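Encoded as C-alpha cells, the structure appears first; notes follow it.
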C-alpha cells in the first residue's frame, strides 16, 4: 500500500512482490528464504525461527537437567546426616544447578523467545545479523556441553555459581574444575552478547512501517531494555572470569590478598553483573505478562507509557543494587545504606507494573485460560518474592537472613514465580504460533495446580528454615538442629513440582505432534505475530504489514494494510527509522552459511584448550581467523558496490 | 531484658506466620539485645509486607471475579488512573517507611567498641578463638560474660567464612586480607550455637561452634583455667596416651601447652576435654567420640584436613583417655 514509494531507494530490475500474483510471490519468497532439509541446511540456517526454536528447546533440556539436580539435592536434604550424596558431589551438584539454571536456561531461554518472537512482533523477515545469531547458538551449545561433560566426568565445578575467591582461586581449588566454570561463563556471555546486539539492531531499525516507539509491543520493549542490560552488565562478568582464569593459569594475582590483590574485588565485579542478571531474566518475563494480559482481558493494556517507563527505570536501577549481595562483608555503613534505599526503590517500578496489570484485568473481561492462570500465579508468587526482597534489602535484617534458606526461598519466588511462571504462560500462549497446534486446556489446569502447589510447598517453608538458622549450600545438617521435619516436607513437595513439570513437557510434546490446529490467531490477540500463519512461513510475512496503532490486529480488523516493493528473489528487509519507523531503505539479509558453525567450533576449541595451555590462545586464533574470513567474504550483494 | 520495648500489637498478627521458629540456632530465639532488635525488625517487616501482599492478592482476585456492568466508559478509565496512581504513591510511602525503619535499626545496633576483645579466625573447617589479653587460644567454643559487650575481631586463615550466632546477632564475613568485626552481647546465660554462613568448601556444612554466655564469676574461672597449661598426666593410661600423642604425627598439627606438641595447623587441644564438642560442633565430647574421630575422621567429616593416623586399638584408647583428661 505505502512503502513502495519510500522504500525503493535504488533502481533494481529484479521483480518485487508487487509485480507478481500472490501464489507466485509466495512460491518465490519460499524459494528465497526457506532452509533446505539437509544436514548442511541444518548447520547453515540463519532463519531466526529455526534458531530461536533450537535455542528454546536446548534451554529447556538444561532446565530438565538442572531440575534433576535439584531433586538430587532434595533427596540428600530430606533427612539429617543423610548419606546419599557426599560433600564433593553435592558441591558440584549445587554449583551445576545454579550455573545451569542461570547461564544455560534462564538467560538463554528469554533471549531465545526474543529471537523467535521479536522479528514476528515487529513485522520483519529475519533478525539483524542472522549469521551472528547462528554463531551465538553454536557457542551456547558448546558452553553447555563443556559444563555437562565435565560434570559427567566428575570434574564439574564445585565452587558455587558465584565462584567466590579465594575458594575458587588457584590455592584452594586446584585442578580444572573452577577453570571449566570460568570458561563456561565466557561461552554463555559471548552467546548472550551476540543475541543482545542483534535484538537491539532489529528492534531499532527493522520495525514495520508505522510502528513508532509508542506502538512497539511491551514484550519488544522489554527485550530492548534487557538487551541493553546484557550489553552493559556482561562485560563485568567476562572481566571477572577472565581475570580469575589468569590468576589460575598464568599466575596473575588479581584476587590474592597476600600479593596485594583483593578478594572483595571479585564480589563487586560478579554482582555488578549478577544483579542486573536477575532483571535480564525478569524483564522479558514481565514483557510476556504485559502481552498476555491484554489478550485474555480482551482490552488494550492499561498504562502503556508507565509500563514502558517502569521497564526502563528497572533497567537503570538494576545497576545500583549490587552491593546488597555484600551487606555482610563489612563495607562502610553509609555506602550500605545507599544500597538499601536503591534496592527498596525498585519496588516502585515493580508496583507500577503490577497495578497496571490488575487495572487491565479489572477493566477487561478476563478469560481464565491456562496462560492467564499462570500469569495470576505469577502475580501471587512474585509479589510475595518482592516482599521478601524488600526484607533482604534492609542491611540489618539481611545480616540475619543472608546466605540462609530464607534467601533461597526469596530468589526462587522471584525467579520461578517471577520468570518461570510467565515463561510457562508464554509457552501455552505462543507454542500454537511456533508449532501451529494448541496445547491442552484441561491438562494445562492440572499442570498449573501441580506446579503452583508444588512450588509453594517446596519454597514457602524455606523462609522458616532460614529464620531457624539453616545456612545455604550445606550438604547436610545435624539431627539436633530441628530442621528435619520441614526439610522432609520440602522434599516431598518438590516431587509434586516435578510432576507438574513432567506433565507440562508431556503436554507440550504431545500438542506439537498431534494437538488441534491453531490457525493464525487462536486467542484473538492484537499483535503482529498473529497476522501470519501458524507456524509462520520462512519469510514470516507475505507482505510487510503497516502499523497504524498499538494493537494492529484489533484496530484494523481483517484487513491489515501492507507495504510492498521488497525483492522476492533475493533476501531483502525493510529498514526503518528509529523513532517513527518510517521506511528508509531496502537492505540485503544474509543467506544461509556454514561459516558461523565452523567459526563457533574454532572458537570453542580455542576456549576449551586455553584451559590447559595459554598457547592455545595463540595457535587457536588461526582457525578462528580462517573461519571468520570465510564468514565475511564479500557476497556480491548490491551493498558491496555502494 | 529484651522485652523492654514490648512487641507491638500488629506484630502479634504475624505470629501464626512464624510457627515454631525456635531452636538452638534460630534468629527468632533471642538471647541478646542485637538479636532482639533484629527480631523486632523481621516481625515488623513481615507484618507490613504481609498486609501489602494480602491487599494485592485480594485486589487481583476482585479484578478477576467482580461482576461486570455492561460497557466501560471514560469514567472507568479515569477511576483506574486514580486507583493506580494512589497505589503507586502508597507503595512509595511504604518503601520510604521501611527504609527509615531499616536505617533506625542500623543506628541503634551501632557496633562500636566492646569491653572485651576476642579474635576469631575462620579456618577450613573449624574456628580458632584467641583471647589476646589472657594470651591463650581455644577452638570451636567461645565463652563470653553475660551483660557485657564483647567485640569479636574476625579474620580468616584461608577462604571467606562468615561468623554467625543467630540468637545473639547478625552475621559478618571473615575475609582473608581484611579484618572485620562484630559485637556480641548476651542478656541471659545460655549456650548459643553458631555456624559458618559463607560457603567455604567441602565441610562448610560441619563448621559449627558454641557460644557459652555465663556469669562473671564462672567466666573468670574459665579464663583462668584456659590460661593454664595442660594438667599433668595423672594415671598410667593417660601418661601412655600422652606418649602416643607426642610420638605420632598428632603433635605436628596440634598444640598442647605444657608438652612438646606445638603444631599450629589444627586446633589447640590444651583443654579439649573441657569443650562441649569436637570437630567444629560435629560430635559431643566423650571418650567414645574422641576415639571415633581419631580413628576415622574422613568418614565422620569427609574432606576434613585431619588425616587418618594409624593406631593400634590400645593406642587409640590411650589417646582418647588422654584427650578426655585435658579438662
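Coordinate-derived values only; no laboratory data. This one's a predicted model, so the numbers in the text were calculated from it and none came from an experiment. All Cβ positions, glycine included, derive from the backbone under ideal geometry; neighbour counts span all protein chains shown.
A few comments on the model shown:
- Using a Gaussian network model of chain B in which every pair of alpha carbons under 10 angstrom is joined by a spring, one finds that among B:53, B:293, B:62 the greatest mean-square fluctuation is at B:62.
- On Cα atoms only, tilt of A:421-435 relative to the major axis of chain A in degrees: 30
- The simple spin-label model puts a point 7 Å past each Cα toward its Cβ; for residue A:24 and residue A:252 those points are separated by 6.2 nm.
- Summarised as an ellipsoid, the range B:95-161 has semi-axes of 30, 17, 9 Å, derived from the eigenvalues of the Cα gyration tensor scaled by 5 and square-rooted, with the largest first.
- Span from the the range A:581-633 Cα centroid across to the the range B:74-138 one, whole angstrom: 48
- Segment residue A:579..residue A:259, full-extension length gain: 110.0 nm, with 0.36 nm per residue of separation and the alpha-carbon distance subtracted.
- The range A:506-642 - Debye-derived log10 I(q)/I(0), Cα point model, q = 0.20 Å⁻¹: -1.13
- GNM flexibility winner over chain B from B:30, B:217, B:88 (Cα, springs under 10 Å): B:88
- Each Cα pair under 8 Å and six or more residues apart adds its sequence gap; the mean of these over the residue count of chain A is a relative contact order of 23 percent.
- Distance histogram in 5 Å bins (all Cα pairs of the range B:23-111, percent per bin): 3, 11, 14, 17, 13, 11, 9, 7, 6, 4, 3, 2, 0
- Spin-label zone in the range A:127-143 - amide nitrogen under 18 Å from a point set 7 Å from the Cα of residue A:570 along the C-beta vector: A:129-130
- Paramagnetic reach from residue A:555 (point 7 Å along Cα→Cβ, amide N under 20 Å) across the range A:498-525: A:524-525
- Cα gyration tensor, the range B:116-227 - rounded (a/c under 1.5), prolate or oblate: prolate
- The protein assembly as shown - share of DSSP beta bridges that are antiparallel (%, nearest 5): 75
- Across all Cα atoms of chain B, the radius of gyration (one decimal) and Dmax (whole number) stand at 26.6, 98 Å.
- Whole-number D in µm²/s for the range A:20-154 (Stokes-Einstein; Kirkwood sum over Cα pairs; 37 °C, 0.692 mPa s): 190
- Compared with the dominant Cα axis of chain B, that is its longest principal axis, helix B:216-227 is turned about 50°.
- Annotation: extensible slack from residue A:57 through residue A:83 equals 5.9 nm (criterion: 0.36 nm per residue apart, minus Cα-Cα distance).
- Crossing angle, helix B:236-247 versus chain B [Cα axis fit, 0-90 degrees, rounded to tens]: 80
- Normalised contact order of chain B, rounded percent, pairs of Cα under 8 Å and 6 or more residues apart: 15
- Kirkwood Rh in Å, taken over all unlike Cα pairs in the range A:264-393: 15.8
- Three-way shape label, the range B:185-326, alpha-carbon gyration tensor, a/c 1.5: oblate
- Extending 7 Å from the Cα toward the beta-carbon at both residue A:594 and residue B:287 defines two label points whose distance is 7.9 nm.
- Within a Gaussian network of chain B (alpha carbon springs, distance under 10 Å), most fluctuating of B:270, B:235, B:294: B:235
- Shape box of the protein assembly as shown [Cα atoms, principal axes, largest first, Å]: 109, 69, 47
- Among A:184, B:207, the order by Cβ neighbours within 10 angstrom, fewest to most, reads A:184, B:207.
- Across the range B:268-303, the residues whose backbone nitrogen lies under 18 Å from the label position 7 Å along the beta-carbon direction of residue B:246 are B:269-272.
- Fewest-first ordering of A:375, B:52, B:262, A:218 by other beta carbons within 10 Å of each residue's beta carbon gives B:262, B:52, A:218, A:375.
- Global form of the range B:281-327, assessed from the alpha-carbon gyration tensor, a/c cut-off 1.5: oblate
- For the range B:145-265, averaging the sequence separation of C-alpha pairs within contact (under 8 Å, six or more residues apart) and dividing by the residue count gives a relative contact order of 20 percent.
- Distance between modelled label sites at residue B:157 and residue A:305, nm, 7 Å Cα→Cβ extension: 6.5
- Ratio Rg/Rh [Cα only; Rh per Kirkwood] for the range A:445-510: 1.11
- When only alpha carbons are used to place a centre, the range A:163-198 and the range A:399-456 end up 28 Å from one another.
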